[in-house]
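Laboratory data are not the source of any read-out in this text; all were calculated from the coordinates shown. The model shown is predicted, which means the values in this text are computed figures rather than measured ones. Note: ideal-geometry Cβ built from the backbone for every residue, glycine included; neighbour counts use all protein chains shown.
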Amino acid sequence: AAELTTVEAGKLTMATNAAFPPYEMTTDAGAFEGIDIDTAQAIADKLGLELQIDDMDFDAALLSVQQGKADIAMAGVTVTDERKNVMDFSDSYATGIQSIIVPEGSDIASPDDLAGKMIGTQRGTTGYIYCSDDFGDNAVVAYDDGLTAVQALNNGQVDAVVIDNAPAKEFVAANPGLVLLDTSYAEEDYAIGMAKGNTALEDAVNAALEELKADGTLQSIVDKYITA
Ligand code: GLN
């Protein structure tokens, strides 16, 4: 393969927020794991690069590729038109659904019921953006990550949390007093974020992704972390 110029020679530097199970999380031993981690590793292997993982807040991960500090942002990143103005995206590799978590017995049963409530979200995410657009900035609290938002919901500081479906399922499973509404707030595509105009990297990443989709590697990674 042609030599790729990356942030650190010989490495593929990935900015992520490892508090977003099952896409990225940290094991008790402190290792990174998850769908994005394994997928990035498989891409790095194909590109002949060593995977370097930089863990940070979600909004910082998006900035990191824009500022040329990381080669890729992989953090269940949703493709949006606003983000496309400041960064480029690979082909999509997964879909996400913005979902609503409420305490058991809540009177919130649908997205419309969020009107007039306090909504917890993760800073810089599509959940935050949609909710503040629909219900106003004052109705939305932005936390550092999803887990902190869920803790705030457990403590009664907010009435609901809007977050991606896959981590929502895990947070609800770990918190018996919470339930996940089976109505979705928005559907979206996940893709790998890169600096604008880095076509060499984008082409290489898309070629690797296509191979991983075609040979079933991507599906087996998903199956490893999500049991139907
Ligand atoms: N998919 C959402 C977004 O891109 C949230 C991602 C995340 O919190 N890691 O905004």
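The stretch 160-228 and the stretch 26-81 have Cα centres spaced 12 Å apart. With Cα atoms as the point set, the radius of gyration and Dmax of the chain evaluate to 17.7, 58 Å. Dipole orientation for the chain: of the candidates Val158, Leu114, Ala60, Ala60 has the Cα lying most toward the positive pole (charges on Cβ; Lys, Arg +1; Asp, Glu -1). With 0.36 nm allotted per residue and the present C-alpha distance subtracted, the Ala152-Glu210 stretch has 16.9 nm of extension available. For the stretch 97-186, the square roots a ≥ b ≥ c of the C-alpha gyration tensor eigenvalues yield an a/c under 1.5, which makes the shape rounded.
Structural descriptor for the stretch 97-186: relative contact order 48 percent, calculated from alpha carbon pairs under 8 angstrom and at least 6 residues apart. In this structure, the pairs whose alpha-carbon distance is over 21 Å, taken from Lys11/Lys46; Lys69/Lys169; Lys169/Lys224; Lys84/Lys213; Lys11/Lys69, are Lys69/Lys169; Lys84/Lys213. Its Cα centre serving as origin, the stretch 97-186 has a Cβ charge dipole (Lys and Arg +1, Asp and Glu -1) of approximately 160 debye.
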